[in-house]
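Trainee: Sharing a structure here in structure tokens format.
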Amino acid sequence: ENACGLEKETGVKDLSIVKGEIDIDAEPTTAAEREVVKLIVTGVWKDEIKVDAKSIDAKFIGGTDDTPIDADGKDNFTDTIDEDGRRTYAIMFEDTGSYTITVTVITAGPRKDKYDTVDITVIEKGVTFDMPTTVVIGERLTIKGTSNTGDWVQIAVDDIICDKLRKLVLDENGEFEKEIDTSAACG
């Protein structure tokens, strides 16, 4: 009624509301030694942040996802939140234990010194075998087991990796299985 008889409409603009908080999450929160963990940081566009693991056993992987190249091998770095308000970083840990990663806003203003943390538990790599303790040479042997990390395993016998035991692919449960002929050298 206040448009003075005009029938023209303006275009619709989507409005994105940002809380103005900093947040950090990790995928996964439990990892094996040297397994890559993805950190997801959300915040306000143009805020400068410091991401800090505070441990010499924590190493960022520079050039992976949004991790700055000059952060490679370090346990902390600074970065700036981009337009979409989301940054993704890659980190790995060289020893078992519990690690707390902190992200802090360092830009002057109302959010300065606001921070969030995420805890990551790092466990030792491990493979468990499920197979007989003895086998007669000439019989077929099924080698099977479970690994707590990775996509595949290689099995060495007396420090020699036989071709048939290279890169045994793990299924979705981390299990592997391979049948070999014990009559031939290296199965």
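Trainee: So what is the relative contact order of the chain, in percent, for Cα pairs below 8 Å that sit 6 or more residues apart? Write down the numbers at each step before the final one.
Mentor: Details: 406 pairs, mean separation 35.6, N = 187.
It rounds to 19 percent for the chain.
Trainee: Compute for segment 125-181: radius of gyration divided by Kirkwood radius, i.e. Rg/Rh, restricted to C-alpha atoms, rounded to two decimals.
Mentor: Values: Rg = 11.4 Å, Rh = 11.9 Å.
My calculation puts Rg/Rh at 0.96.
Trainee: For q values of 0.08, 0.12 Å⁻¹, compute log₁₀ I(q)/I(0) with the Debye formula on a Cα-only model of the chain, without solvent.
Mentor: -0.45, -0.73
Trainee: How do 87, 166, 140 stack up against each other in accessible area, from largest to smallest, with a 1.4 angstrom probe?
Mentor: Numbers: 87 35, 166 110, 140 135 Å².
Heavy-atom accessible area, descending, gives 140, 166, 87.
Trainee: Mind putting a number on the dipole of the chain about its Cα centre? Charges go on the C-beta only, +1 for Lys and Arg and -1 for Asp and Glu, and I need it in Debye to the nearest 20.
Mentor: Values: 22 positive and 41 negative charges, 45 e Å.
Using only the charged Cβ atoms, the result is roughly 220 debye.
Trainee: Protein chains only, probe 1.4 Å: how do 99, 115 rank by accessible area, largest first? Spell out each step's value before the answer.
Mentor: Values: 99 20, 115 150 Å².
Result, largest first: 115, 99.
Trainee: Round to a whole angstrom and tell me the spacing of the C-alpha centers of segment 29-99 and segment 144-171.
Mentor: With segment 29-99 and segment 144-171 each reduced to a Cα centre, they are spaced 30 Å.
Trainee: For segment 88-187, how big is the tail of P(r) above 16 Å, as a whole percent of Cα pairs?
Mentor: Counting every Cα pair in segment 88-187, those more than 16 Å apart make up 70 percent.
Trainee: What is the extension gain from residue 121 to residue 46, computed as 0.36 nm multiplied by their sequence separation minus the C-alpha to C-alpha distance, in nm to one decimal?
Mentor: Gain on extension, residue 121 to residue 46, equals 23.9 nm.
Trainee: May I ask which residue of 153, 68, 123 lies farthest towards the positive end of the charge dipole of segment 32-187, with charges of +1 (Lys, Arg) and -1 (Asp, Glu) on Cβ and the Cα centre as origin?
Mentor: Of the options given, the answer is 68.
Trainee: Which residue fluctuates most in the GNM of the chain (Cα springs below 10 Å): 139, 27, 177?
Mentor: Comparing 139, 27, 177 in a Gaussian network model of the chain, the most mobile one is 139.
Trainee: Now for a separate question. Accessible area per residue, 1.4 Å probe, Å², for segment 39-114: what's the number? Walk me through the numbers on the way to the answer.
Mentor: Numbers: 3740 Å² over 76 residues.
On a per-residue basis, segment 39-114 sits at 49 Å².
Trainee: Something else about it: Excluding ligands and nucleic acids, what accessible area in Å² is computed for residue 114 using a 1.4 Å probe, to the nearest 10?
Mentor: Number for this one is 110 Å².
Trainee: Counting only protein heavy atoms and a 1.4 Å probe, tell me what percentage of segment 1-119's accessible area is made up of carbon and sulfur. Please list the in-between numbers first.
Mentor: On the way: 3520 of 7650 Å².
It is 46 percent, rounded to a whole number.
The values are calculated or read from the model by the stated rules, or taken from the named source; none is laboratory data. Just so we're clear, the structure is a prediction, and the values are computed from it rather than from any experiment. Ideal geometry is used to build each Cβ from the backbone, glycine not excepted, and the neighbour counts take in all protein chains shown. Only protein heavy atoms, including side chains, enter the accessible area calculation; ligands, DNA and RNA are left aside. Shrake-Rupley method; radii C 1.70, N 1.55, O 1.52, S 1.80 Å.
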